[in-house]
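Visitor: This is the structure I want to talk about, given as structure tokens.
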Amino acid sequence: MDVRMARIGLLVDQKAAARRWSFGENVFQAYIGEILSHAGIGFERLSHAEEIGASGCDIVLAALADEGKSDALLDYVQKGGVVVAYGGLHGLAQQLGFIRGTPLSAGYAVDGRLGDKGEGLRYERAEPWYINDRYGTSHVVSVEECGTIGKGNDEVEGVLLHRIGYGAGQLDRWAVDIPTVVVQMQQGTHPVLEDGVPAPDGTGQVNEGILKADDAIAFDWSQDRIATASGQMLFPLPQADLWRERLISHLIGLSLEKGMTLPFLGYWPEGVDYVATISHDSDHNKDEDALATLELLAECGVRSTWCMIEPGYTPSVYERVKAGGHELAFHYNALEIQGGIWSEEEFRRQHQWLKEAAGIQGAVSNKNHYTRYEGWGELFAWCEQEGIQVDQTRGPSKPGNVGFLFGTCHPYYPVAWADERNRLYDVLETSFLTQDMELPNWADSTLVEPCLDQVKRVGGLAHFLFHQVHIGSKPDVRESFRYVVREAEKRGFQFWTSAEINHWVRARRLTKIERIEDTGEVAVSQAQPGTVVWIPVLAGEGGEVETRFGHPCRKQVMGSWLQQAVVKEAR
């Protein structure tokens, strides 16, 4: 099979990055590396434009370039290379026959060809270019316009993606900085320093004087929610995941256009298309509620993650939780009205209490009580210090902001602020969709099916939170739990604990796709049994294919998946 694997280069100019950091500015553009890694796509890091020519890369992603050294990029393109930019590169506009437009504030991008079904995906800022025939050189051989950006409601303000043929190569420039959009959706547009803006309809009163994860969201109460059949307001789309899919689909398409392929990894092991997880927060700590929860879990055949808050249960309850195959986790309490303190010292003290009380070496997972949150990345740094590998804090605290409040249903590594040079924290975030349903003044179960369908659409993780106290005392909550399990299993979801998710995701990240063999199979290293590799093929190539990221792909499975080394309640 005479098809080779495309070599991807990621350009993050270190001099340009250092300059931005020196002024306290973020370089979230570099988060594209995490987006590629999550998809299992390998790449070579390039620290300045002069490395491109000798890199041997077929496609270079100009995440952050030195605007004063754009000639190296154009020279690479003219000789047949492909460059993709996500905003920026304004120094090249005139040479390519464009005028740089005024940056646009928050709006929506649409392009049905990129797998978004015509849905508008939100962005906080766009940097459009507009064609100006007075400029340009004879090296520009073609220009194609793809998609639109604007305020929504058919109000178009610019082009989403320009595909510019230049010499023997091509420059594809997005008007939207996709990696930054993904970060803003997942982690907020700014640090949490004050109460957020409440929903105009009164369903999301986040301004109650408690700092929480949902005080700094990237979405609009009016434009980004829908009502379910019951009138329940819902953030219905995993928009950050759909942006990721746009980016990956575009790169696969570019590779295929150039006669190459770009293999990637399946998110879950063979036989598992999407995962569901249930977590509990032990607020009130009544043993009878814990026992009722264990009974319901046994009835439904589900193992779950128990986030424990001080003072916790009696020791015998912990033993029954462990015996049921459930995970004991941490529920950090920084709620001032309950005597909580937001500090690393207090986080460490409460974690030590859990280890002693529950008889575990340490928690794999944490979720903050009441989704209490401050700043940007302090919580993740504390988790790192304590060896906690998963956080679940990012989720709704109000009935009107349930659903995909943070734009994603995939486990992801969060990024630090500029003061830490935008490093990745060694903590997986697994945000949740809703807390207990069918409570008075809370969300109802009509959100379950649309949320599960969207998680299924992007192959993600459906995370639902149920408190033991409500399971123990409210029949409607117990029935909503059964409904979640029933609808998830009907769609083919498998239920894992947070620790099991953590084990798989981290092990999967070790897999490296090395090359395409003459047989057409992919050679990989450090693959876990059951790892799925998808190999994009040209339409009409023949053989059994499935569509992934909008492209036909062949499937290759590495061995068989056996859940044998998963960590249950502690390392």
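The values are calculated or read from the model by the stated rules, or taken from the named source; none is laboratory data. It should be emphasised that the depicted structure is a prediction, and the values quoted were computed from it without experimental measurement. So basically every Cβ, Gly included, is an ideal-geometry build from the backbone, and we count neighbours across all protein chains shown.
Visitor: Considering every residue within segment 79-96, establish whether at least one is more than 23 Å from VAL182 (Cα to Cα) and within 31 Å of the chain's Cα centre (by Cα).
Guide: yes
Visitor: Also: Being part of a strand (DSSP E or B) and either assigned by TED's automatic domain parsing to the domain that holds ARG478 or within 24 Å of the chain's Cα centre (by Cα) (or both) is true for just one of HIS190, HIS280. Which residue is that?
Guide: Answer to the selection: HIS280.
Visitor: Suppose the filter is over 21 Å from ALA276 (Cβ atoms), out of contact with any Ser or Thr (no Cβ under 6 Å at 6 or more places or on another chain) and charged (D, E, K, R); does GLU345 pass it?
Guide: Yes, satisfied.
Visitor: Okay, next question. Surrounded by fewer than 18 Cβ atoms within 10 Å (Cβ to Cβ) and either β-branched (Val, Ile, Thr) or not assigned by TED's automatic domain parsing to the domain that holds GLY301 (or both): does that describe THR446?
Guide: Judged against the criteria, THR446 is a match.
Visitor: Moving to a separate point now. Output the number of residues of segment 48-72 satisfying the condition of being closer than 14 Å to ILE164 by Cβ and out of contact with any helix residue (DSSP H, G or I) (no Cβ under 6 Å at 6 or more places or on another chain).
Guide: Residues flagged as closer than 14 Å to ILE164 by Cβ and out of contact with any helix residue (DSSP H, G or I) (no Cβ under 6 Å at 6 or more places or on another chain) within segment 48-72 amount to 1.
Visitor: Determine if segment 426-438 includes at least one residue that is among the polar types (S, T, N, Q), assigned to a helix (DSSP H, G or I) and in the same structural domain as ALA329 (by TED's automatic domain parsing).
Guide: Looking for residues that are among the polar types (S, T, N, Q), assigned to a helix (DSSP H, G or I) and in the same structural domain as ALA329 (by TED's automatic domain parsing), one finds none in segment 426-438, hence no.
Visitor: Moving to a separate point now. Looking only at segment 66-86, how many residues end up being surrounded by 19 or more Cβ atoms within 10 Å (Cβ to Cβ), at pLDDT below 95 and farther than 19 Å from VAL140 by Cβ?
Guide: Qualifying residue count, segment 66-86: 1.
Visitor: Could you count how many residues in segment 24-42 are within 19 Å of the chain's Cα centre (by Cα) and either basic (Lys, Arg) or under 21 Å from LEU89 (Cβ atoms) (or both)?
Guide: Selection size over segment 24-42: 10.
Visitor: Another question about this same structure. Take segment 415-425 and flag every residue that is assigned to a loop (DSSP other than H, G, I, E, B) and small (Gly, Ala, Ser).
Guide: Residue satisfying the conditions is ALA416 alone.
Visitor: Going by what's in this entry, would VAL533 be described as more than 30 Å from PHE464 (Cβ to Cβ), in contact with a His (Cβ under 9 Å, 6 or more places away or on another chain) and touching a residue at least 60 places away in the same chain (Cβ under 8 Å)?
Guide: Answer is no for this residue.
Here is a yes/no grid of residues against (1) surrounded by fewer than 24 Cβ atoms within 10 Å (Cβ to Cβ); (2) small (Gly, Ala, Ser); (3) under 24 Å from the mean Cα position of the chain (by Cα):
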site	(1), (2), (3)
ILE149	no, no, yes
GLU155	yes, no, no
VAL181	no, no, yes
GLU194	yes, no, no
VAL197	yes, no, yes
THR203	yes, no, no
GLY209	yes, yes, no
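Visitor: Answer yes if at least one residue in segment 119-126 is crowded, with 21+ Cβ neighbours inside 10 Å, more than 30 Å from GLY209 (Cα to Cα), modelled with pLDDT of 95 or more and assigned by TED's automatic domain parsing to the domain that holds ARG244, and no otherwise.
Guide: Yes: one or more hits.
Visitor: Restricting attention to segment 34-60, report how many residues are of a type outside the set (S, T, N, Q) and either touching a Ser or Thr at 6+ places or on another chain (Cβ under 9 Å) or under 20 Å from ARG19 (Cα atoms) (or both).
Guide: The number of residues fulfilling the criteria is 11.
Visitor: Name the residue that is farthest from LEU74 (Cα to Cα), counting only residues in segment 125-166 that are of a type in the set (Phe, Trp, Tyr) and not in a loop (DSSP other than H, G, I, E, B).
Guide: Looking at the filtered set, the residue picked out is TYR130.
Visitor: Taking ARG478 as the residue in question, decide whether it is crowded, with 19+ Cβ neighbours inside 10 Å, basic (Lys, Arg) and in the same structural domain as THR305 (by TED's automatic domain parsing).
Guide: Spelling it out, ARG478 is indeed crowded, with 19+ Cβ neighbours inside 10 Å, basic (Lys, Arg) and in the same structural domain as THR305 (by TED's automatic domain parsing).
Visitor: From the list PRO263, PRO236, exactly one residue is in contact (Cβ under 8 Å) with a residue 40 or more places away in the chain and within 21 Å of THR189 (Cβ to Cβ). Which is it?
Guide: Going through PRO263, PRO236 in turn, the sole match is PRO236.
Visitor: Taking the stated definitions as given, is VAL182 touching an Asp or Glu at 6+ places or on another chain (Cβ under 9 Å) and either within 17 Å of GLY407 (Cβ to Cβ) or not in a strand (DSSP E or B) (or both)?
Guide: Spelling it out, VAL182 is indeed touching an Asp or Glu at 6+ places or on another chain (Cβ under 9 Å) and either within 17 Å of GLY407 (Cβ to Cβ) or not in a strand (DSSP E or B) (or both).
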